[in-house]
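The values are calculated or read from the model by the stated rules, or taken from the named source; none is laboratory data. None of these values were measured; they are calculated from a predicted model. Ideal geometry is used to build each Cβ from the backbone, glycine not excepted, and the neighbour counts take in all protein chains shown. Note: areas computed on protein heavy atoms with side chains; ligands, DNA, RNA excluded. Shrake-Rupley method; radii C 1.70, N 1.55, O 1.52, S 1.80 Å.
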Amino acid sequence: MNKETSDAINAAAAAIAPDLIAFAQRLVQTPSPPGAEGEVATLVEGEMRRLGFDAVWRDTAGNVIGRLCGGAGGGSLMLNGHMDHVDPGPAQAWPYPPFAGVIADGRLHGRGSADMKGALAAQVYAVAVLLRAGLRPAGDVIVTAVVQEETGGLGTQCLLEEGLRADAAIVGEASGLELKRGHRGRLEVLVTVNGRSVHASAPERAANPHFTIAGFIQRLRSLPLPGDPDFRGASVAPTLIVSDQTAGNVTPGRLVLHLDYRTLPEETAAAVVASLQPLLDASLSDGCTGQVSIERATMRTYTGLERNVLNAFPPFRLPADHALVRRASKALAELTGKTPPVGFWRFSTDGGHLMQEAGIPVLGYGPGEETMVHTVGESVALEQLQGAAAGYAALCLALTEPLSTSQPATAM
Ligand SMILES: [Zn+2]
């Protein structure tokens, strides 16, 4: 990318910044928990049409897809962002009301600002930057605003199921405008223990699953987990214990312990279950029985589509010298005057689905700090929103160029 092009992108991004910020603010002001993204989808669809996307449509899951047609010889690039957000919890815990979209101290505040309505707005406005600067990418740019990422990525899975493909993808989860080339996978593991429920005044008659669960959690602390220099190893954390009883004077007949297990690329769900089952077997006491499994859940989108899916995100990792990494670093360095750091996310994203289920190479790049995500202080710097719109526009140009003209050494 030459200086003239990067100047044109930066100037266009500065010019559209007020509209971009207003759009991001409207998105934050419109609550859209998983399964109820319809109103935000309407906003996104309307904005794509207004800005001059060549095609805009919704799929059966309710994902919004906008296409900017590029030249015939280039590769296509998907920009992926989710429309849903996690629950804000009690509003009084927030410095600003979670859905007010307050702008203060140069930042947009509220639930979803950093995860990831700010990024989604910047992805939509990257196309506005290109159109304003009169720059057409060499291949198609496909902006996908997806549903239900926070509950396992049903929206992106449905996109792929309906056959949407691209030669490369950028996932816009918070990265502080650094590049991310992978993350660990996530499995929601269930440890189910069945016992015998009795009146708690006669505990000797019970088969009380609590003692089995307690033994299991103790053993879990010494479970050897596979290491990895990039990902700092797999991890496992007990999160919830769900009882079949609600009274304090009844022993449970069944307890389900939830584990958040973060996998390395070589770990399969079956291998994880196989490593945990012996710990449970060794912990069974008082006639309890138990089983380790991966959670499956029936999800329903706001359009009424239903799917029974595994509660899991696959891991992904691009090699450090992958063509996508090199070309993206170069383009962002030319745009901003400094080479962006390249690292890994701690959390999981839809990037795992895109790469593992459809073979689409994925890079992460988005506004907002990773540490802000899922907190009551969630906010995103306005400067980063503008920077992201410019960055996405530059990536749309650089990553759709035919490979042969820029990187002959490595195939994407
Ligand atoms: Zn997110």
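Couple of notes before you dig in:
- The number of residues in region 366-406 that are in a loop (DSSP other than H, G, I, E, B), open to solvent by 10 Å² or more (accessible area, probe 1.4 Å) and β-branched (Val, Ile, Thr) comes to 3.
- Meets criteria (part of a loop (DSSP other than H, G, I, E, B), open to solvent by 50 Å² or more (accessible area, probe 1.4 Å) and either away from the ligand (no atom under 16 Å from the Cβ) or touching a strand residue (DSSP E or B) at 6+ places or on another chain (Cβ under 7 Å) (or both)) for residue 357: no
- Under the condition of being touching a His at 6+ places or on another chain (Cβ under 8 Å), more than 16 Å from the ligand (Cβ to nearest atom) and on the phi < 0 side of the Ramachandran plot, the residues counted in region 95-143 number 5.
- Residues of region 156-173 include none that is of a type in the set (Gly, Ala, Ser), open to solvent by less than 30 Å² (accessible area, probe 1.4 Å), outside the structural domain of residue 140 (by TED's automatic domain parsing) and not in a loop (DSSP other than H, G, I, E, B).
- Region 311-329, residues that are open to solvent by 70 Å² or more (accessible area, probe 1.4 Å) and within 26 Å of residue 150 (Cβ to Cβ): 317
- Summed over region 335-352, the residues that are closer than 15 Å to residue 170 by Cα, away from the ligand (no atom under 13 Å from the Cβ) and not in a loop (DSSP other than H, G, I, E, B) give a count of 2.
- Condition check for residue 84 on (1) more than 11 Å from residue 145 (Cα to Cα); (2) of a type in the set (Asp, Glu); (3) within 16 Å of the ligand (Cβ to nearest atom): one failure, at (1).
- Selected residue [under 19 Å from residue 129 (Cβ atoms) and open to solvent by 10 Å² or more (accessible area, probe 1.4 Å)] from 31, 18: 18
- Some residue of region 191-213 being surrounded by fewer than 16 Cβ atoms within 10 Å (Cβ to Cβ) and closer than 23 Å to residue 352 by Cβ: no
- Residues in region 288-309 that are modelled with pLDDT of 95 or more and not in a strand (DSSP E or B): 288, 301, 302, 303, 304, 305.
- Filtering region 114-138 to residues that are part of a loop (DSSP other than H, G, I, E, B) and buried (at least 24 other Cβ atoms within 10 Å of the Cβ) leaves only 137.
- Selection within region 252-304: residues that are small (Gly, Ala, Ser) and touching a helix residue (DSSP H, G or I) at 6+ places or on another chain (Cβ under 6 Å). The member of this set that is farthest from residue 195 (Cα to Cα) is 283.
- No other residue among 363, 332 is surrounded by 16 or more Cβ atoms within 10 Å (Cβ to Cβ), in the same structural domain as residue 392 (by TED's automatic domain parsing), assigned to a strand (DSSP E or B) and not aromatic (Phe, Trp, Tyr) apart from 363.
- Filtered by the rule that a residue be of a type in the set (A, V, I, L, M, F, W, C) and either without any contact (Cβ under 8 Å) to a residue 40 or more places away in the chain or in a strand (DSSP E or B) (or both), region 177-188 gives 179, 187.
Every residue, every condition in (1) touching a helix residue (DSSP H, G or I) at 6+ places or on another chain (Cβ under 9 Å); (2) outside any loop (DSSP other than H, G, I, E, B); (3) at pLDDT 95 or above, yes or no:
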{"residue": "190", "(1), (2), (3)": "no, yes, yes"}
{"residue": "201", "(1), (2), (3)": "no, no, yes"}
{"residue": "204", "(1), (2), (3)": "no, yes, yes"}
{"residue": "211", "(1), (2), (3)": "yes, yes, yes"}
{"residue": "214", "(1), (2), (3)": "yes, yes, yes"}
{"residue": "217", "(1), (2), (3)": "yes, yes, yes"}
{"residue": "238", "(1), (2), (3)": "yes, yes, yes"}
{"residue": "242", "(1), (2), (3)": "no, yes, yes"}
{"residue": "247", "(1), (2), (3)": "no, no, yes"}
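- Among the residues of this structure, residue 259 does not count as one that is surrounded by 14 or more Cβ atoms within 10 Å (Cβ to Cβ), without any contact (Cβ under 8 Å) to a residue 12 or more places away in the chain and under 30 Å from residue 180 (Cα atoms).
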